[in-house]
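Enquirer: First the structure, then my questions, so here it is.
Throughout, read-outs are computed from the coordinates displayed, never taken from laboratory work. This structure is a prediction, so every number in the text was calculated from the model and none was measured.
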């Protein structure tokens with residue numbers, strides 16, 4: 001049995017099997033998409049410049065925000081098929097969520 005780890009402030013961290021690299025990439029993608037949606041940046045190029053990262057990398061990660069919600073949830077919960085990682089979900093995927101589920 002895996003026990004939760006006590007964190008500073010008394011909150012217990014819930015252990016997960018999620019890939020930390022994938023979790024970080026998803027968090028960035030949704031954060032950046034929100035910044036664009038709110039109009040904080042007019043373009044991906046402007047956002048990439050502000051974040052001091054390559055525009056192509058930012059664009060690739062932004063595609064993660066187009067994943068089906070239940071796929072995102074499974075990725076964050078570590079409930080994916082064994083070995084599914086960031087490179088797998090960065091591959092071009094269909095826009096339709098049902099087709100994404102078939103591929104992933």
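Enquirer: What's the extension gain from residue 73 to residue 91 if we count 0.36 nm per residue and subtract their Cα-Cα distance?
Expert: 4.6 nm
Enquirer: So what's the projected area for region 18-103, the Cα convex hull averaged over all directions, in nm²?
Expert: 5.5 nm²
Enquirer: A further question on this structure: Given 0.36 nm per residue, what is the gain on full extension from residue 102 to residue 40 after removing their alpha carbon distance, in nm?
Expert: So the extension gain works out to 18.8 nm.
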